[in-house]
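Shown next, in C-alpha cells, is the structure this report addresses.
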Amino acid sequence: QPPAIQPVSNWQFSESNQPENYEQVSPVSWTASEFVSHGKGRSWFVAFGLVILITCIAFYFLLKDLVTPIVIAVAGFIFLYYSRRQPRTLQYSVDAQGIHIDQKLYPFEYFKSFDIAHEGSFPAIHLASLKRFMPPLTIFYDVSMEEPIVNIISNYLPHQEYKPDAIDNIARRIR
C-alpha cells in the first residue's frame, strides 16, 4: 500500500520510501479535470436507447432467452447513468515517487511507458500500465505545465507512442 500523500509544500522523503537511485526532483503540482466531458444532447440518449432496445430484441429472438436481453438492458442503463456524470477537478502532482492524483500514489514502477497526446484540444499524458487489470492512466494538464511534467516523467519512463485499442476507439466514438 502506497504511503499517504503529504502536502507538496512540506514534501520530504523518509529513509523508508526513498528510492536507491533517488535524484533531487522538485515536485510539480496542478489541478485539472479527470476526463474530457463531451456534451450529449437528447438525440444522443435517444439513439443509444434505441440501440439498446434493438440489441435486446435481437438477442431475445436469437437465443430465445429472456436473461440475456435483461442483462444487456441493465448494462445499457448503467452506462447511460454514468454517461451523464460530470468530471471532477483533481489535484495532480509528479515527483520522484510517481504520480499523485488526489490522495492516491501511482508509482512509476506501475507503468512501462508514456506518450503525450491530445484529447480534443486538451493536452494529456497516457501512461501504459504494467499491471494486468489496470487500464492505461490518462492525466490532463495545462499546456504551460507540459515541459516540467514531461521532464520528471521522462527520468523514470521511456517515451513510446500510445496506440489506442478497440475499446479506446469505441469509447472515443460514443464519447
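Apolar share of the accessible surface for the range 28-156: 63 percent from carbon plus sulfur atoms, 1.4 Å probe.
Selection among ILE78, LEU130, TYR106 by position relative to the dipole of the range 43-130 gives ILE78 as farthest towards the positive end (Cβ unit charges, Cα centre). Which of rounded, prolate, oblate describes the range 29-92, given a ≥ b ≥ c as roots of the alpha-carbon gyration tensor eigenvalues and a/c under 1.5 marking rounded, otherwise prolate only if a/b is larger than b/c? Prolate, because a/c is 1.5 or more and a/b exceeds b/c. The overall shape of the range 25-165 is prolate: from the C-alpha gyration tensor, with semi-axes ordered a ≥ b ≥ c, the ratio a/c is 1.5 or greater and a/b exceeds b/c. Net charge around ALA58, counting only other residues with Cβ within less than 13 Å of its Cβ (Lys, Arg = +1; Asp, Glu = -1)? Charge balance near ALA58 sits at 0.
Relative to one another, the C-alpha centroids of the range 95-111 and the range 44-91 are positioned 34 Å apart.
The values are calculated or read from the model by the stated rules, or taken from the named source; none is laboratory data. Since we're looking at a predicted model, the values are computed, not measured. For neighbour counting, all protein chains shown are included, and Cβ atoms are generated from backbone atoms with ideal geometry for every residue, glycine included. Remember, those area values only see protein heavy atoms, side chains included, never the ligands or the DNA or RNA. Shrake-Rupley method; radii C 1.70, N 1.55, O 1.52, S 1.80 Å.
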